[in-house]
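The values are calculated or read from the model by the stated rules, or taken from the named source; none is laboratory data. If you're wondering where the values come from, they're calculated on a predicted model, not measured in any experiment. Virtual Cβ from ideal backbone geometry, glycine too; neighbours counted across all protein chains shown. We work out accessible area using only protein heavy atoms, side chains counted, and drop any ligands, DNA or RNA first. Shrake-Rupley method; radii C 1.70, N 1.55, O 1.52, S 1.80 Å.
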Amino acid sequence: MSETSSALSDGPLTGVRVVDASTILAGPLCCQVLGDYGAEVVKIEHPRRGDGMRGHGPSKDGEPLWWKEISRNKRLVAADLSQAEGAELLLRLAETADVLVENFRPGTMERWGLGPEDLWKRNPGLIVVRVTGFGQTGPYASRAGFGTLAEAMSGFAHLTGEPSGPPTLPAFGLADSMCGIAAVGATMMALWERDTKTPGVGQVVDMNLLTPLMTAVGPGPTVYDQLGVVGQRHGNRSVNNAPRNTYRTSDGSWVAISTSAQSIAERVMRLVGHPEVIDEPWFATGGERAKHADLLDDYVGSWIGQRTRAEVIEEFTAAGAAIAPIYDAADIVADEHVQATQMLRKVADEKLGDVLMHNVMWGMSRTPGRIRRTGGDLGADTDPVLKELGYEAAEIERMRERGVIA
């Protein structure tokens, strides 16, 4: 690692170099997390279009806000990989890297001479993380894959929403985000295997958007296989316990409660003034309580509806019952626990000043992650990275004139 790149890296992954050749959203998130924990991430964007993430979400003064977070801690290189000189640039980068993350349709990298076999000729130990909608093989491999499709096909949308309403998609990039986070673990497994069992031998990590979310949705396929039962929408209720729902307070706010533990369910019913139901035979298990959700919701909802959110939270907390307010973004920013534990933090940005964003995802006592800088301009680090790879100034300028880099 060069002296320049070393200055941009600290944490448990210091010394690991990652090439981020991916776009919206799973691949860039995987690389963001790796960068947060010390990896040197070199981000490749198209020299004219840039990464599509630059156009996602709101902007301020022309500066894309999501980009500031998703591309933090990354060195930004603009190169057209479909051109021979751009492909050669990536091959040179791959020679110096531990990991390359890409999310082109299957066959695209091979067409450019950048498939795993081509990359391994330059660097046999490279871990190649391939993120697609449906994976590298199978009848859907060549299809366009987006998170919405995975949210539909995973069973998530089918199970989300009110029983009488339509299937409901999430209002955010759920499938992409889960895939990106899962890809972090997969990447670290591959690095561990390479460095402890087969030194110097890389492998392909085949990630798709569908599998992580399908796993999170739960054992629906197993239940269907064994019982022939297909899960249905239940709104905010659960088939596993009750009371479990969202409830409106007297001041117009909303709270959510869960009674997954029997002791919590008993505390809730004592608190809301109906301890008599605890002695009912059906109250002894979550599944049986769920069959009496109308009755339990009526008791709990009536009690909560007569009190403000602050009063409800205070009394539930004092009783040792599980409850949480339903937050919007303003509530999250103002929450005392979020502030005290620095789940969000302000990061200096050259153009916007201090920008509040999600902090690193988990704490580590000896080698914590860190946000070193925010996402910047297209191609901001192209010249220094190419010079580190051995390109001469005249060669860099010729490549720029031909539109290979920006």
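If the condition is being surrounded by fewer than 16 Cβ atoms within 10 Å (Cβ to Cβ) and either small (Gly, Ala, Ser) or in contact with a Leu (Cβ under 8 Å, 6 or more places away or on another chain) (or both), then the stretch 367-379 contributes only ASP377. A single entry from ILE332, ILE313 fulfils the requirement of being of a type in the set (Val, Ile, Thr) and within 30 Å of LYS60 (Cα to Cα): ILE332.
Can you find a residue that is in the same structural domain as ARG72 (by the TED database), over 20 Å from PRO58 (Cβ atoms) and open to solvent by less than 70 Å² (accessible area, probe 1.4 Å) anywhere in the stretch 345-359? Yes, the stretch 345-359 has at least one match.
Residue count for the stretch 48-99 under the criterion of being closer than 14 Å to LEU378 by Cβ and of a type in the set (Lys, Arg): the result is 6. Exactly one residue out of THR341, THR382 is loosely packed, with under 13 Cβ neighbours inside 10 Å, out of contact with any Leu (no Cβ under 6 Å at 6 or more places or on another chain) and of a type outside the set (Lys, Arg): that is THR341. Looking across VAL230, VAL223, VAL205, one residue alone is of a type in the set (A, V, I, L, M) and either in contact with a strand residue (DSSP E or B) (Cβ under 9 Å, 6 or more places away or on another chain) or at pLDDT below 95 (or both). It is VAL205. Filtering ASP297, ASP279 for residues that are in the same structural domain as ALA324 (by the TED database), of a type in the set (D, E, K, R) and closer than 23 Å to TYR327 by Cα leaves a single hit, ASP297.
Within the group MET207, MET178, MET109, which residue is part of a helix (DSSP H, G or I), buried (at least 19 other Cβ atoms within 10 Å of the Cβ), in contact with a Lys or Arg (Cβ under 9 Å, 6 or more places away or on another chain) and assigned by the TED database to the domain that holds LEU90? Write out each step before concluding.
Working: MET207 fails: part of a helix (DSSP H, G or I); MET178 fails: in contact with a Lys or Arg (Cβ under 9 Å, 6 or more places away or on another chain).
Testing whether each residue is part of a helix (DSSP H, G or I), buried (at least 19 other Cβ atoms within 10 Å of the Cβ), in contact with a Lys or Arg (Cβ under 9 Å, 6 or more places away or on another chain) and assigned by the TED database to the domain that holds LEU90 leaves just MET109.
Which members of the stretch 17-45 meet the condition of being open to solvent by 10 Å² or more (accessible area, probe 1.4 Å) and in contact with a strand residue (DSSP E or B) (Cβ under 7 Å, 6 or more places away or on another chain)? ARG17, ILE44, listed by residue number.
All of (1) of a type outside the set (Gly, Ala, Ser); (2) part of a loop (DSSP other than H, G, I, E, B); (3) within 31 Å of the chain's Cα centre (by Cα) hold for TYR391 with one exception: (3). In the stretch 219-243, the residues that are on the phi > 0 side of the Ramachandran plot form no Cβ pair under 7 Å with any partner that is open to solvent by 80 Å² or more (accessible area, probe 1.4 Å) and of a type in the set (Gly, Ala, Ser), whether six or more places apart or across chains. Is it true that GLY135 is touching a helix residue (DSSP H, G or I) at 6+ places or on another chain (Cβ under 9 Å), in a loop (DSSP other than H, G, I, E, B), in contact (Cβ under 8 Å) with a residue 60 or more places away in the chain and not acidic (Asp, Glu)? Judged against the criteria, GLY135 is a match. The combined condition, being open to solvent by less than 10 Å² (accessible area, probe 1.4 Å) and either touching a Cys at 6+ places or on another chain (Cβ under 9 Å) or hydrophobic (A, V, I, L, M, F, W, C) (or both), is fulfilled by LEU89.
A search for C-beta distances below 9 Å between a residue of the stretch 315-343 that is on the phi > 0 side of the Ramachandran plot and any residue that is polar (S, T, N, Q) and part of a helix (DSSP H, G or I), counting only pairs 6+ apart in sequence or on different chains, returns GLY320/SER263.
Scan ALA97, ALA78, ALA171, ALA157 and give me the residue that is under 30 Å from VAL229 (Cβ atoms), aliphatic (A, V, I, L, M) and outside any helix (DSSP H, G or I). Walk me through how you get there before you give the answer.
On the way: ALA97 fails: under 30 Å from VAL229 (Cβ atoms); ALA78 fails: under 30 Å from VAL229 (Cβ atoms); ALA157 fails: outside any helix (DSSP H, G or I).
That would be ALA171, the only listed residue that is under 30 Å from VAL229 (Cβ atoms), aliphatic (A, V, I, L, M) and outside any helix (DSSP H, G or I).
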